[in-house]
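Take a look at this one; I'll ask things after.
A short reminder: the numbers here are calculations on the coordinates, not readings from a lab. Everything numeric here is computed off the predicted structure, so don't read it as measured data. Cβ coordinates were reconstructed from backbone atoms using ideal geometry, including for glycine residues, and neighbour counts include every protein chain displayed.
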Amino acid sequence: MRPEWGQWSRVVLLESEQFLAELTRLFQECRLSGSVFLTLKKYDGRTKPIPRKVSVEGFEPSDNKCLLRATDGKKKISTVVSSKEVNKFQMAYSNLLRANMGGLKKRDKNSKSKKSKAAQ
């Protein structure tokens, strides 16, 4: 059964704990083959773009927030983290990344130093 076109393009907004659980699942699914793409940006709570000609002097975000997105090319998940819970989330997020980045290739430091000596 093949999914419909719009099924993969939906972004699912999750709570912080649910996001971390789904991110762990994405990492496990892509461990042998595939990639997981992560993005992080400031989020001010707007859901629509601001017109260029109109100034927005009256808009003041009440709380600094971060928007985190993750995708494996098929499924997209996201979460919004407020400044109040950023320390707790950051600790859990960094532990998750450390646990799931074990498949990365180690850099060969010797070849880099040989190339720089040969150039001189």
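With 32 Å as the limit, write out which pairs from Lys76/Lys109; Lys42/Lys109; Lys48/Lys88; Lys41/Lys106; Lys75/Lys109 have Cα-Cα distances beyond it, or answer none.
Distance filter (> 32 Å) returns Lys76/Lys109; Lys42/Lys109; Lys75/Lys109.
Using +1 on the beta carbon of Lys and Arg, -1 on that of Asp and Glu, and nothing else charged, what's the dipole of segment 13-55 about the Cα centre, debye to 20?
Numbers: 8 positive and 5 negative charges, 100 e Å.
About 480 debye.
Would you mind putting 86-99, 11-24 in packing order, based on average other-beta-carbon counts within 10 Å, highest first?
11-24, 86-99
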